[in-house]
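Asker: I'd like to ask you about the structure that follows.
The values are calculated or read from the model by the stated rules, or taken from the named source; none is laboratory data. Just so it is clear, the model here is predicted, and its values are computed rather than measured. As a convention, Cβ positions derive from the backbone with ideal geometry for all residues, glycine included, and neighbour counts pool all protein chains shown. Calculation scope for accessible area: heavy atoms of the full protein, side chains included, ligands and nucleic acids excluded. Shrake-Rupley method; radii C 1.70, N 1.55, O 1.52, S 1.80 Å.
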Amino acid sequence: TRFEPQYAPGDYFLYFGRLAPEKGVATLLRAVKQAGVKLKIAGTGPEEQSLHALQAELQADVEFLGYQSGDTLHQLIKQARAVVLPSEWYENAPMSLLESSAFGKPLIVADIGGIPEMLIPDQTGWTFTSGNVEALSHLLATVQALPDDQVIEVGKAGRRLVELKFNRANYIQATQALYAEIKGK
């Protein structure tokens, strides 16, 4: 399959997506510095220069990889310890979370918009208060310190959730039910 999971946790956290103010990447950089963990960032966007400047000031263990896609991005996801989505603006159900879970990676997400619905707290990932550096820092340090087998269990639970809840048949069924409901009004 396209999404062959790799449960073994890597030594870094991963953010991938646009580098825009509403994505909360500045909060993530500050939390990474506080937690003393390693972060890789795949993406570009309007916030890129200010994030590089913040990183120069913080001197956190952060690597900016620029825009990544396809197999290169998939390898980055597979080799991460967990994927972080620190959004500070309402988003629906980002595909990035489904992809990460499909690859067997735990999620660390801000509790905002539709994002928390994409996981089962403490089973397929963890949530923190959006915009809260301390809460995110604490979570990063906690997940870094977890034994690998526990990280693997969370990744496997996420993979199972994607297979059960977010599969094609369920999507089609939900879409048809929505159309039926709209037509009935």
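Asker: From (1) open to solvent by less than 60 Å² (accessible area, probe 1.4 Å); (2) of a type in the set (Gly, Ala, Ser); (3) under 21 Å from residue 144 (Cβ atoms), pick out the condition that doesn't hold for residue 70.
Answerer: (3)
Asker: Given the options 180, 157, 145, name the one that is at pLDDT 95 or above and farther than 21 Å from residue 118 by Cα.
Answerer: Among 180, 157, 145, only 145 is at pLDDT 95 or above and farther than 21 Å from residue 118 by Cα.
Asker: Let me ask something additional. In the range 147-185, what residues are farther than 14 Å from residue 107 by Cα and touching a helix residue (DSSP H, G or I) at 6+ places or on another chain (Cβ under 9 Å)?
Answerer: Listed by number, the residues that qualify are 163, 164, 166, 170.
Asker: Here are some conditions: (1) of a type outside the set (S, T, N, Q); (2) surrounded by 16 or more Cβ atoms within 10 Å (Cβ to Cβ); (3) touching a residue at least 24 places away in the same chain (Cβ under 8 Å); (4) closer than 20 Å to residue 38 by Cβ. Residue 148 meets all but one. Which one does it not meet?
Answerer: Checking residue 148 against (1) of a type outside the set (S, T, N, Q); (2) surrounded by 16 or more Cβ atoms within 10 Å (Cβ to Cβ); (3) touching a residue at least 24 places away in the same chain (Cβ under 8 Å); (4) closer than 20 Å to residue 38 by Cβ, the one that fails is (2).
Asker: A further question on this structure: When you scan the range 132-147, do you find a residue that is among the charged types (D, E, K, R) and either under 16 Å from the mean Cα position of the chain (by Cα) or over 23 Å from residue 61 (Cα atoms) (or both), even just one?
Answerer: No, because not a single residue in the range 132-147 is among the charged types (D, E, K, R) and either under 16 Å from the mean Cα position of the chain (by Cα) or over 23 Å from residue 61 (Cα atoms) (or both).
Asker: Filter the range 38-66 down to residues that are touching a Ser or Thr at 6+ places or on another chain (Cβ under 9 Å) and exposed (fewer than 13 other Cβ atoms within 10 Å of the Cβ), then give me how many there are.
Answerer: 1
Asker: Oh, and also: Please find, among 85, 98, the residue that is aliphatic (A, V, I, L, M) and in contact with a strand residue (DSSP E or B) (Cβ under 8 Å, 6 or more places away or on another chain).
Answerer: Only one candidate qualifies: 85.
Asker: Restricting to the range 94-121, name every residue that is among the acidic types (Asp, Glu) and either under 17 Å from residue 165 (Cβ atoms) or modelled with pLDDT of 95 or more (or both).
Answerer: 99, 117
Asker: Are any residues in the range 75-124 open to solvent by less than 30 Å² (accessible area, probe 1.4 Å), over 17 Å from residue 21 (Cα atoms) and among the small types (Gly, Ala, Ser), and if so, which ones?
Answerer: Result: 80, 82, 96, 100, 101, 102, 104, 114.
Asker: Where residues in the range 99-125 are in a helix (DSSP H, G or I) and in contact with a helix residue (DSSP H, G or I) (Cβ under 6 Å, 6 or more places away or on another chain), which of them is nearest to residue 12 (Cα to Cα)?
Answerer: Of everything passing the filter in the range 99-125, 100 is nearest to residue 12 (Cα to Cα).
Asker: So if I check each of 137, 130, which one is in contact (Cβ under 8 Å) with a residue 40 or more places away in the chain and not in a helix (DSSP H, G or I)?
Answerer: 130
Asker: Pairs needed: first member in the range 18-37, closer than 14 Å to residue 48 by Cβ; second member anywhere, among the basic types (Lys, Arg) and assigned to a helix (DSSP H, G or I); C-beta distance under 9 Å; at least 6 residues apart or different chains.
Answerer: none
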